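The values are calculated or read from the model by the stated rules, or taken from the named source; none is laboratory data. These numbers come from a predicted model, not from an experiment. Please note: Cβ atoms are built from the backbone with ideal geometry, for glycine as well, and neighbour counts cover all protein chains shown.
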Amino acid sequence: MRPLTIQRLFLQCAALAGILFVVVIIALKAGAVEVSLFALGRDLIRVIVHHGSEIKSDYGLIVMNIRLPRILLGIFVGASLAVAGTGFQALLRNPLADPYVLGVSNGAALGAILALLVSPHLALLPAVADLLTPLGAFLGAAATIAAVYFLGRREGQIDSTTLLLGGVITGSFLAAIIMFLMTSETGSNLRGMAYWLMGNLSTSLQPSVYWILWLGFLVGAGAIYTTASDLNLLLSGEKEAMHLGVDLPRVRLVVYIAASLLTGLAVSVSGSIGYVGLLVPHVMRQIFGSDHRVLLPTAAFGGAIAVVIADTIGRTVVPPAELPVGAMTALAGAPLFIYLLRRRMA
């Protein structure tokens, strides 16, 4: 493992940030309506020099009110799921671990749906009601990963095969409960909920919600990053790491809670988007190595890039119709999952 330097970490993150910037520009331009970035830039300059208080052109409305919020949400969701997946893979020492594969996404989706069904019957302030769905998603994700973890332990050790089977079974069980709850909804609500579960970034959010989401990301990702050195030692096994001074219960608690928080927040605003936490950490690990001090921030950038690209393709491949972003990520993630599974079995 190469020694980490601030310069190397900064250059790697800067390169990915540059790629993300290019992807964002392409996403702003692409769509059912082609946006002239030159005209948009001209309008922005007019606003800056006080010739107007807002962008009034059609390009400005499309970009500022529709595409930019969607892209920002995609960046948050992709970064959150990728960091959560990296944490799960390191803690469970399994490259197949992922919030979607382990059933955590379904647990978060079930918690969010229960919160949506319950909130109209509670006399809550609007600000509290807005927080109820992310809270329900977090609690659902945390309960699911705890159940899968206990299902995957055999004789005090984590068995990878049992863990994956436990995750698949738990996810299927939770999906059945979700389908049962959806049958009690009316036709319009049912259709919207089904589309949301496939992954949807067109959710309209208040500006204050974005601040809450990014604050939650900083807290969750920061908490996982504080365990990066311990996660590096865990690569050699739990017993070896404990002999080297790793406080394993603390690391487990921090990673499980923080990864569940990130997954719950992402699912609460975008639905279930699968395989981002599987695909991105694997690719970043192949490029930058397995040092989690580098892998965690690069995975965050990689997840953001992957989800923005997937969403851009989904809304441009068959215009004016849109394909769910979850379907686009599954097209890339499912074959990779099969490849990794066969390689582990070989």
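Values computed for the structure shown
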| item | result |
| --- | --- |
| Residues satisfying the stated conditions in segment 79-107, i.e. in contact with a Pro (Cβ under 8 Å, 6 or more places away or on another chain) and modelled with pLDDT of 85 or more | L81, A82, A84, G85, T86, F88, Q89, S105 |
| Residues (in a helix (DSSP H, G or I) and either on the phi > 0 side of the Ramachandran plot or touching a Pro at 6+ places or on another chain (Cβ under 8 Å) (or both)) located in segment 218-264 | Y225, A259, T263, G264 |
| Of residues in segment 270-288 being under 10 Å from the mean Cα position of the chain (by Cα) and aliphatic (A, V, I, L, M), the one surrounded by the most Cβ atoms within 10 Å (Cβ to Cβ) | V276 |
| Members of segment 320-329 that are in a helix (DSSP H, G or I), surrounded by 22 or more Cβ atoms within 10 Å (Cβ to Cβ) and not hydroxyl-bearing (S, T, Y) | V325, G326, M328 |
| Check on T144, modelled with pLDDT of 85 or more, of a type in the set (S, T, N, Q) and surrounded by 19 or more Cβ atoms within 10 Å (Cβ to Cβ) | yes |
| Within segment 198-216, tally of residues that are of a type in the set (A, V, I, L, M, F, W, C), within 15 Å of the chain's Cα centre (by Cα) and under 10 Å from V269 (Cα atoms) | 2 |
